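Could you have a look at this structure, given as structure tokens, before my questions?
The values are calculated or read from the model by the stated rules, or taken from the named source; none is laboratory data. Computed from a prediction, not measured in an experiment: that's the story for all the values here. Note that each Cβ is placed from the backbone with ideal geometry, even for glycine, and that neighbours are counted across all protein chains shown. Note: accessible area is taken over every heavy atom of the protein model, side chains too, but ligands, DNA and RNA are not part of it. Shrake-Rupley method; radii C 1.70, N 1.55, O 1.52, S 1.80 Å.
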Amino acid sequence: MDKRNYLILLLTITLLGCDKGISPDDALIVKPGFGGTITYVSSPPPRNSLIQLRIVAVPYYPIDTVVGALIQKILLGEIPFSDTLQLSSTDSGKTQRYEFFVPPGEYKYVAVVQQYGALIFEDWRVVSIYGFSPSTPFPRPVTVTVDKFQTGIDFIVDFKNLPPQPFKK
């Protein structure tokens, strides 16, 4: 076999065996969700009253909702709930980055919540609401699409000045 035929055979085998590797389109695949920063402007409460700190993305405004009903929907996977955020007792003035991957949809109430006691179906409070301020007292919805990870969903947590609590006892 001459060199030319050998080169053609080698090139054919190489092209047929190629699995195409990573294509430019693969690099464009994005997991849906959102992220940003959480800035703590006051000292966290004592460790025994900061059991968990998480982000929750509720597809409706949970006014006058019993906490236990929301927790049940979270456990059933109907309402996205982040992993526990790490926070130490010295984190006043700290800014923490986060990412939260959620199914596509509109989330009308996105908040940072704190479990402050041992009763998992009762001992929760909201410590920050996305889009809330004294001048804009309603939350700002977050819309997550299939092909985009949204950034700039930032929170300010002030444990000494909590936002309105939507839960009823």
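For residues that are under 21 Å from Leu53 (Cβ atoms) and open to solvent by less than 70 Å² (accessible area, probe 1.4 Å), scanning just the stretch 132-149, find the one that is farthest from the chain's Cα centre (by Cα).
Ser133
Check the stretch 141-150 and report whether any residue there is more than 20 Å from Ser42 (Cβ to Cβ) and without any contact (Cβ under 8 Å) to a residue 40 or more places away in the chain.
Yes, there is a match, as at least one residue in the stretch 141-150 is more than 20 Å from Ser42 (Cβ to Cβ) and without any contact (Cβ under 8 Å) to a residue 40 or more places away in the chain.
Please work out which residue is modelled with the highest pLDDT, limiting yourself to the stretch 72-93 and to residues that are of a type outside the set (Val, Ile, Thr) and open to solvent by 80 Å² or more (accessible area, probe 1.4 Å).
This residue is Asp83.
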